[in-house]
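What follows is calculated from the coordinates using simple rules that are stated; it is not laboratory data. None of the values given here were measured: they were computed from a predicted structure. Because the Cβ atoms are built from the backbone with ideal geometry, glycine has one as well, and the counts that use them run over all protein chains shown.
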Amino acid sequence: SSPDFRGMPLEQALADLRERIANYDKAYESVEDGEGAYLKLYNFSSKVTANQCYGRMSKLVVPYLMAVHADSRPVFLTALAPTRDEPEFSGDASHDDFETR
C-alpha cells in the first residue's frame, strides 16, 4: 500500500521490496542503546523508537517522523461533553446550564 508501489503488479512490487531490503541489509548496521542518540523507524513509520533524543530533535524531528504515514489509516476524533455528575472530568465545573439526560 506504499505510494512507491502504486500501480505496480503485486509480483513486481514484492520483488522490488525484497531487492530494497537486501540492499539495506548490506549497508545498515543495528545500533545499540549505549551508542548515543538515534531514531528507528519500523514498517513505514508504524513504530518510531527514539533513544536519548533531546532539544531540537525531540521537539521537531521526532513528532514529524511520528506523524508521517505512507498508508491511509482511520483517524478517530472525540469530544468530551461536560456533565453535572463529573464536572472535573470536563475541565470546567461551571456548566450548570446543561441538561442531564
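A few comments on the model shown:
- Taking 7 Å steps out from each Cα toward its Cβ at LEU41 and LEU77 produces label points 2.6 nm apart.
- Electrostatic bookkeeping for GLN52 treats Lys and Arg as +1 and Asp and Glu as -1; over the other residues with beta carbon under 13 Å from its beta carbon, the sum is -2.
- The modelled label-to-label distance for the pair ALA50/GLU11, using points 7 Å beyond Cα in the direction of Cβ, is 4.4 nm.
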